[in-house]
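Just below is one structure, and these are the notes that go with it.
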Amino acid sequence: MREIAKVAFRLFLIMILAGLCLGATYTVTKDPIAQQELLQQEADRRAVLPEAATFEEVAIEPTGAVTACFRGLSESGEPCGYALSVTASGFGGDIAMTVGVSDGVVTGVRIGTHSETPGLGAKAADDSFLSQFMGKGGDLTVNKNGAQNDSEISAITAATITSRAVTSAVNEAVALAGSLE
């Protein structure tokens, strides 16, 4: 019985030491990770609205897919569009993205994080898919057989749910930006 107590005590000490190490690692890395996430969000806003020199947050009520909105300002301080943070529900989970809108048309779409199927839904982050949104506005739809006109987006093969989720989120971003202009 005494041997069991010694082993249990040693395991308890190892567990306490491991917990302290994990806690210390979290404390040390928490702020740098948060800083890197902010820098990545800023880079995404600049990528989808390249004519903006700075961004100012616009207070909105988060509804639907749009979670945050930033007004882009040119070098002269004039508004030049909006960069909106959007979250869509794809096949594998949430798809976080940034959508740029200026004068009612999409200036860029950038996918941040997602958990879509590799080789299928993950192709939503490819430029070949996202470039279809450039210069388009209004109510966009997904066509499995290829886009037939300017209001359609060609679906990713075998990833229609992801294609529709991204398109729906872009539509919400364009609509919200239009209501702010």
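Some values worked out for this structure:
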| item | result |
| --- | --- |
| Single condition residue 57 does not satisfy, out of (1) open to solvent by 80 Å² or more (accessible area, probe 1.4 Å); (2) in contact (Cβ under 8 Å) with a residue 60 or more places away in the chain | (2) |
| Pick from region 60-75, criterion surrounded by 15 or more Cβ atoms within 10 Å (Cβ to Cβ) and part of a strand (DSSP E or B), ranking: farthest from the chain's Cα centre (by Cα) | 73 |
| Boolean, residue 106 is out of contact with any Phe, Trp or Tyr (no Cβ under 6 Å at 6 or more places or on another chain) and open to solvent by less than 20 Å² (accessible area, probe 1.4 Å) | no |
| Qualifying residue in region 111-133 (condition: open to solvent by less than 30 Å² (accessible area, probe 1.4 Å), hydrophobic (A, V, I, L, M, F, W, C), assigned to a strand (DSSP E or B) and under 23 Å from residue 52 (Cα atoms)) | yes |
| Answer from 142, 170, 166 - the residue that is within 15 Å of residue 90 (Cβ to Cβ) and in contact with an Asp or Glu (Cβ under 8 Å, 6 or more places away or on another chain) | 142 |
| Every pair of residues 6+ apart whose Cβ atoms lie under 8 Å, when the first sits in region 155-175 and is over 17 Å from residue 64 (Cβ atoms) while the second is open to solvent by less than 60 Å² (accessible area, probe 1.4 Å) and among the charged types (D, E, K, R) | 159/116; 162/116 |
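Let's see how each residue does on (1) at pLDDT below 90; (2) assigned to a helix (DSSP H, G or I):
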site	(1), (2)
21	no, yes
33	no, yes
77	yes, no
83	no, no
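The values are calculated or read from the model by the stated rules, or taken from the named source; none is laboratory data. Note that the structure is a prediction, hence the values are computed from the model and not measured. Glycine also receives a Cβ, built like all others from the backbone with ideal geometry; neighbour counts cover every protein chain displayed. Note: areas computed on protein heavy atoms with side chains; ligands, DNA, RNA excluded. Shrake-Rupley method; radii C 1.70, N 1.55, O 1.52, S 1.80 Å.
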